[in-house]
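Let me begin by presenting the structure, written as structure tokens, before commenting on it.
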Amino acid sequence: MDIFLKLKNLDRRWVYVFVALSVILPMVFKFELPIYPGKAVMGVYNTIDTLPEGSRVFLSFDFDPAAESELGPGATAIFVHMFRRNIKPIVGCNWPVGNEIAEKCLTEAKKIHLDTYDSYLNNNKLVKNCIREPKNGTDYVILGYKPGGIIHVKNLCTDFMGPYPQDKDGTPTVNMPIFKTASGNRFSMNDIALIISYTAGTNGIESFISVEGDHKRPMAAGCTSVNIPRFTTYLQTGQLVGMIGGLPGAAEYEKLVDHKGEGRAGMAPQSIAHLIIMIFIILGNLAFIAENRKVSKSKLKKE
Amino acid sequence: MLFVKRTLPLLITFVSGIIMIVAFFSGPALPRIKSLEEIFPQWIQIIMTFTMILGAFSLIRFNFQKIARKQNGWGYSIVLLVGFFGMATLGMVSGSWAKFDPEIKENSTFMCLAENKLTAVEVNIKSIETTKDGGKIITVENKIPDKDGNVFTRKVSTDRLKTPIMSKISILQQVLFEGVFKSAQSTMFALLAFFVASASFRAFRIKSKEAGLLMFSAFIVMLGNVPLGNMVSKLWTWLPFIGKYLDIVVIKEWIISYPSSAAQSAILIGAMLGYISSSLKIIFGVERSHLGGEG
Amino acid sequence: MSVLWRPSRGLFFLFIMALCLVSTVALYAQSEVMPVQNPTVTESVTSENSAEINNIKNAENKLDSKESNLSEKALSEGAEAMASSEDSIESLNSDSNKAPKIPQKPYYFESSRSSTLAVILVLLIFVAYYTFQAQRGREMFIRRISGLSAIEDAVGRATEMGRGVLYVPGIMDMDDIQTIAGVTILGHVARKTAEYDTDLYSPMTRSFVMSVAQEVVKQAYMEKGRIDAYRPDRINYLTDDQFGYVAGVGGIMMRDKPAACFYLGTFYAESLILAETGNSIGAIQIAGTAEPSQIPFFVAACDYTLIGEELFAASAYLSKNPREVGSLKGQDMVKIVIIAAIVFGTILVTLSKTPVGERLGFATAATTFMEFLK
């Protein structure tokens, strides 16, 4: 029992060493674990999969580099899925550096799409009018960051051209074919088939949910693992059609689009890290039990 | 003095608060009141922008003082000030210098930044198209052919065309942003993994039945969140009778959807009532200790 | 004006109501019926384009239905738009500047927000009643909140150890009520540090909060007659960046090793980093936030945690001001009303799902009740 008593005062740096090893070793000695997409991820996938060709989807990158490792892979996988289905992503950001990350994900997704285009075409897995190399302004656009959070989202419900007269590179948006509407009216949320927000904190999907009465569009979220319990409520109420929760969610989406990206690669380290944390919790409890026994024994002796 | 420090802020709070409440509930037939709902937050944004000057001034003064007095950790203050002035200068120069840039004309030479703004190549301006709203789309051609001898031509926006000096400044700014700022942010976020482990090792003790139940649920959620949960569930299918019901992922989803969600909703309802109540107390001047004093 | 500052015998609320009325009328008098900027209202009321109306209706149906997740019309519209010919660009350019249409029947009250108004009014009535009761001398019980009771012990411990106190009022700006609650408690902590002559460090993530906090702390030191000990440079601005701020606070913790750390306000991913760093230097830690996702981290790593509304109750708890304690009681009464509504709604919906309940009209009652709540 003494060994457990010693564990009680274990230097926290030992915990850090084990956690670091649990992440580094599976990255070096790669192995794969079976991934089965869950209900929440399937919700997003099925929604995108049933959208008609040419639909426009608004993606809001509401996170910063800190959450990129968790939310980036999922965003890339969704872009790939959209390009294969000829669905046109319109990207906005409620966080200042979101557009930089969006650009990075989009570039990666275009590359994946190009690399897999021929094999998918041969296997009849692409839609009829799928475009080999999606073009800026026609097949996708990154509008960039606008401050205001919920106020900005509310403005978008009426008109996109007002808040975004130019895209993030300064190209005027008014002439872009992606913003054409059948009715000839100004482009607004009414022309969007689905809203997806990648949320790391404030000004994320909740900004869109708050003005749901104004836009009345279906919504989905990508969120960091810590936010999963919070957003699950919105899944239950039907306000979200699906959710990509953290890196496991991204891995599930990558599995669905048949891509081995950072999400799937991250599953082995994450699984082992979870296991290590669980082992430490068990060890901590063994130390606690050992200490309690010692205290009760010493009490008995005194009596 | 008391009027300026206490009475005036309370009056402003009261009037603004009431106006915002009235604006929130007014319909489109009262457009002037309704528009305040959008105008007031814009005012807040403007005020917040001005407070940045206050913050910057405080930061510089505090760190200069620290260096002058050689207080504990004054070396870090030097790093901070160098970073502060360096990034501010780079940002201001690259943002405002465009006005002093030579005009983009056909057949002139510029440096064209790559999409990620981390590299630049020398290009010739082939043609300039002006759009209806005054924007420009420029066709450029690489000055140096690639190794196969091909000259690459593409259309770019004006913001990517820079003079050699300005392209270097933009690249330096981008390198610092990508290499220092983004990496530092990710590093701080990654620390969470270590801290979660050490905090749970120290704090997750089965001191009562409830704590035991909590730990059991935590284990299921931790397992169910990663593919390891699928493997464990598969192993348990070998158990007779109950094995097929022990799907970790399904149990995890139940825990998150019901007990956890219910608890979160309860906390949220309480917090939101506190929010409304505190807001009303502040608007009506019942709560005023944030202005200093006992209230 | 003294009525506003010392609200007694209900005059306070009469005054408020009068001012509400005056400001509403004054603003209304200035306004005139103008073209409405609200698209949802105009389009749903007056748009001649039936496709758009159908679109919105379909989307509404979608939201009501659990089975169908997407409005067919909403989905197909994007495709239709893209399929339309190139020649519509010109017409788009001219049309995109069209002014929104004028509604036929503009209304004065946003009825879709009536449920919010009902909650506010009910809360206001309860808070007003119990505040009035408290002022008349009625004893109000307020349960012990151990985190708040421990504030004095924590400052005392720091004094005994000859180390400072660190206070973080969250990472959001003054427009967040949690930050205001945090700054309010900072005033109480500052009074204690002034009394015990202990160093108070309060690095800030927003410059606006910094200037307010400096004023609050200065006032607290003045009250205790220790203005000489007030150090504004210790209530300093670090950065607006979340993780930059955490790094800065972590540095202060490791260098100055405060014996007591307070984290009261809005926190996100930085909560655990702060709390674990505080734990590593052996500080006694008191945290409080209304962010549900961060509460578990604080509970695991801190000695005391104020959960959700306890943070907002802190001011009343610490000051024991009858007006504020009365408002807490009013808040609790509204909570009882909400609990009753939840229980009643659950029973009603459960009964409506049974064959007997359906026959007895519970289904209609349940639908009506849910509509009323919406």
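The values are calculated or read from the model by the stated rules, or taken from the named source; none is laboratory data. From a predicted model like this one, the values you see are computed outputs, not experimental measurements. Cβ coordinates were reconstructed from backbone atoms using ideal geometry, including for glycine residues, and neighbour counts include every protein chain displayed. Quick note on the areas: whole protein, heavy atoms, side chains included, nothing else; ligands and nucleic acids left out. Shrake-Rupley method; radii C 1.70, N 1.55, O 1.52, S 1.80 Å.
What the table below lists for this structure:
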quantity: The stretch C:337-364 - residue that is open to solvent by 80 Å² or more (accessible area, probe 1.4 Å) and within 11 Å of chain B (Cβ to nearest Cβ) and, of those, nearest to the chain's Cα centre (by Cα); calculated: C:ILE339
quantity: Residue check, A:LYS39 open to solvent by 10 Å² or more (accessible area, probe 1.4 Å) and more than 14 Å from chain C (Cβ to nearest Cβ); calculated: no
quantity: Test: residue in the stretch B:144-153 that is outside the structural domain of B:ILE256 (by TED's automatic domain parsing), in contact (Cβ under 8 Å) with a residue 12 or more places away in the chain and open to solvent by 60 Å² or more (accessible area, probe 1.4 Å); calculated: yes
quantity: The stretch A:10-67, subset in a helix (DSSP H, G or I), of a type in the set (Ser, Thr, Tyr) and in contact with a helix residue (DSSP H, G or I) (Cβ under 7 Å, 6 or more places away or on another chain), residue farthest from A:ALA221 (Cα to Cα); calculated: A:TYR16
quantity: Test: A:SER60 is within 23 Å of the chain's Cα centre (by Cα), within 9 Å of another protein chain (Cβ to nearest Cβ), crowded, with 20+ Cβ neighbours inside 10 Å and in contact (Cβ under 8 Å) with a residue 12 or more places away in the chain; calculated: no
quantity: Test: residue in the stretch B:21-35 that is facing chain C (nearest Cβ under 8 Å), among the charged types (D, E, K, R) and under 31 Å from the mean Cα position of the chain (by Cα); calculated: yes
quantity: Unmet requirement for B:ILE169, which otherwise passes all of (1) out of contact with any helix residue (DSSP H, G or I) (no Cβ under 8 Å at 6 or more places or on another chain); (2) in contact (Cβ under 8 Å) with a residue 40 or more places away in the chain; (3) in a helix (DSSP H, G or I); calculated: (1)
quantity: Condition check for A:HIS215: touching a strand residue (DSSP E or B) at 6+ places or on another chain (Cβ under 8 Å) and not charged (D, E, K, R); calculated: yes
quantity: Residue, nearest to B:LEU214 (Cα to Cα), within the stretch B:265-295, restricted to residues that are open to solvent by 30 Å² or more (accessible area, probe 1.4 Å), facing chain C (nearest Cβ under 7 Å) and without any contact (Cβ under 8 Å) to a residue 24 or more places away in the chain; calculated: B:ILE267
quantity: C:PHE243 open to solvent by less than 10 Å² (accessible area, probe 1.4 Å) and assigned to a loop (DSSP other than H, G, I, E, B); calculated: no
quantity: Scope the stretch B:254-269; condition in contact with a helix residue (DSSP H, G or I) (Cβ under 7 Å, 6 or more places away or on another chain) and either of a type in the set (Ser, Thr, Tyr) or within 14 Å of B:LEU223 (Cα to Cα) (or both); matching residues; calculated: B:ILE255, B:ILE256, B:SER257, B:SER260, B:SER261, B:SER265
quantity: Residues being more than 13 Å from B:LEU228 (Cα to Cα) and of a type outside the set (Phe, Trp, Tyr) - total across the stretch A:265-283; calculated: 6
quantity: Boolean, B:ARG160 is open to solvent by less than 60 Å² (accessible area, probe 1.4 Å), under 30 Å from C:ILE295 (Cβ atoms) and basic (Lys, Arg); calculated: no
quantity: Long-range neighbours under 8 Å by Cβ, at least six apart or interchain, first residue assigned by TED's automatic domain parsing to the domain that holds C:ASP199 within the stretch C:212-234, second surrounded by fewer than 18 Cβ atoms within 10 Å (Cβ to Cβ) and β-branched (Val, Ile, Thr); calculated: C:LYS218/C:ILE227; C:TYR221/C:ILE227
quantity: Residue count for the stretch A:103-134, restricted to those that are assigned to a loop (DSSP other than H, G, I, E, B) and open to solvent by 60 Å² or more (accessible area, probe 1.4 Å); calculated: 7
quantity: Any hit, the stretch A:68-85, residues being crowded, with 24+ Cβ neighbours inside 10 Å, closer than 19 Å to A:TYR145 by Cα and more than 12 Å from the chain's Cα centre (by Cα); calculated: no
quantity: Check on A:LEU71, part of a strand (DSSP E or B), closer than 27 Å to A:THR116 by Cα and of a type in the set (A, V, I, L, M); calculated: no
quantity: Checking C:ALA301 against (1) more than 7 Å from chain B (Cβ to nearest Cβ); (2) open to solvent by less than 20 Å² (accessible area, probe 1.4 Å); (3) touching a strand residue (DSSP E or B) at 6+ places or on another chain (Cβ under 8 Å); (4) within 27 Å of C:TYR196 (Cβ to Cβ), the condition it does not meet; calculated: (1)
quantity: The one condition in (1) more than 30 Å from B:PHE25 (Cα to Cα); (2) open to solvent by 30 Å² or more (accessible area, probe 1.4 Å); (3) part of a helix (DSSP H, G or I) that C:VAL119 fails to fulfil; calculated: (1)
quantity: All helices (runs of 4 or more DSSP H) inside the stretch B:1-118 with 1 or more residues being open to solvent by 70 Å² or more (accessible area, probe 1.4 Å) and more than 30 Å from C:MET204 (Cα to Cα); calculated: B:31-69
quantity: Enumerated helices (runs of 4 or more DSSP H) restricted to the stretch C:268-374, each holding at least 1 residues that are in contact (Cβ under 8 Å) with a residue 60 or more places away in the chain and on the phi > 0 side of the Ramachandran plot; calculated: none
